[in-house]
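Just so it is clear, none of the values below were taken in a lab; they were calculated from the coordinates. In this text the structure is predicted, and so the values were computed from the model without any measurement. Glycine gets a Cβ as well: all are built from the backbone with ideal geometry, and neighbour counts include every protein chain shown.
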Amino acid sequence: MLASAALHAGWNALVADAEDTHATTAIALLVGAAVFAVPAALTWRVSAEAWPYIAGSAVLELAYFALLAAVYARTDLSFAYPIARGSAPVLVLLISVVALGAPVGLAAAAGVLAVTAGVLLVRGIGRDAGDAASLALALAVGACIAGYTLVDDHGVQHAAALPYFELILVASAIPYAAAVLAVRGRSALRAAANRRSAAAGIGMVVAYVLVLEALERAEAAPVAALRETSVVMATLGAALLGREHVPKPRIAGAVLVVAGVAALALG
C-alpha cells in the first residue's frame, strides 16, 4: 500500500501540472489500458458474478477521472489532493455504518474529527480560503473514491485483480477519450500524447492493481487508510519541488488528515 501511495501521488502530480488536464487524463487512461491489456489477458479470471461490480465501478471511475481533471484545472495539487483523498475514508466509514451497521469506536470518531479539521486547514480560512467550487469538486472526487472502494472490495473476490481493473479501465477510458475528442478536438489529444501522460497512465494502473491485491488480503477500511499516506507525499512533494507555493497550514492540514485516517483504521 505504501508503494501504491507513492505511485498515486506521482501520477496525480503529473496530471495536475499538465497544460490540459482533461486531454492528459484521457491519453493516460488509453495508455494504461493498452499497456496492461496483454498481462490482463494472461492472468484472466473473471467470473459472471464480477460483471455487475465491474459495471458499477466503471461508472464511478469515469466520474472520478472527469472530476479529478476538472478540479486540477481549477486549483493546486496541494489543495485538491488532501481533501479528495482524506474525505474518502470518512465516507467509507459513514456508508459502512449507515448501510452495513458497522460499529463506531472512539478512535474512529476522533479520526473523523481530525480529517475534518485537516480539510479545513487545507482549504484555509478567511482570505486564504480556496474557492467553494474547487472544494465541492474535491469532495465529489472523494465520494467517487469511497464508492468504487466499497464496490471493488466485493468485486475483486470474483476476479483476478489485473483483468478486473483492465475491464474497468477500458470501460471508462473509451467514453472519456471520446468526450474529450468531441469537446477539445484531435489537436488537444495529440498535444497531450507525451511522456507525461504515458507515465501517468502506467502509474495509475500499477497503483490501483496494488490496491486490488491488498483488498484480496485485507478489509476495505485499513486498505483505504494506508493509501492515504499519499496525501503527505503529494503535499510535501509539491512544497519541496517548488512547483507551487504550499502554505504551512496546508501542510499541517495534510498531516492531520493522515493522522485522522490512521485513527479510522484503528477504530
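Among W51, W11, which comes first, then next, by fewest other beta-carbon atoms within 10 Å?
By the 10 Å Cβ count, ascending, the order reads W51, W11.
Sorted by packing (mean other beta-carbon atoms within 10 Å per residue), highest first, where do 135-141, 108-114, 86-92 land?
Packing order, densest peptide first, comes out as 86-92, 135-141, 108-114.
Please identify the helices of the chain, taking whole runs of DSSP H, that span at least 15 Å along their own axis as judged from the Cα atoms and have a mean Kyte-Doolittle score of 1.0 or higher.
Helices passing the filter in the chain: 2-16, 21-35, 51-74, 77-100, 106-123, 132-155, 161-184, 195-215, 230-241, 248-266.
In what sequence do F79, F36 fall when counting other Cβ within 10 Å, fewest first?
Lowest count first: F36, F79.
Taking K and R as +1 and D and E as -1, what net charge do the other residues with C-beta under 12 Å from the C-beta of N194 add up to?
Here the charged neighbours net out to +1.
Within the chain, what is the longest stretch that has no GluC sites (Glu not before Pro) placed in a DSSP loop and near at most 16 other beta-carbon atoms within 10 Å?
20-215
Over the chain, what is the relative contact order in whole percent, taking alpha-carbon pairs under 8 Å and six or more residues apart?
In percent, rounded to a whole number, it is 43.
By count of other Cβ within 10 Å, fewest leading, how are D131, D76 ordered?
D131, D76
Using the crude model of +1 on Lys and Arg Cβ and -1 on Asp and Glu Cβ, and no other charge, please compute the dipole size for the chain relative to its Cα centre, in debye to 20.
The calculated dipole for the chain is roughly 560 debye.
Helix-only estimate, please: 222 nm mean residue ellipticity of the chain, summing -39500 (n - 2.57) across DSSP H runs of length 4 or more and dividing by its residues, to the nearest 500.
-27000 deg cm²/dmol
Round to the nearest 0.05 the FRET efficiency obtained for W44 and L181 when R0 = 22 Å and r is the Cβ-Cβ distance.
Result of the calculation: an efficiency of 0.15.
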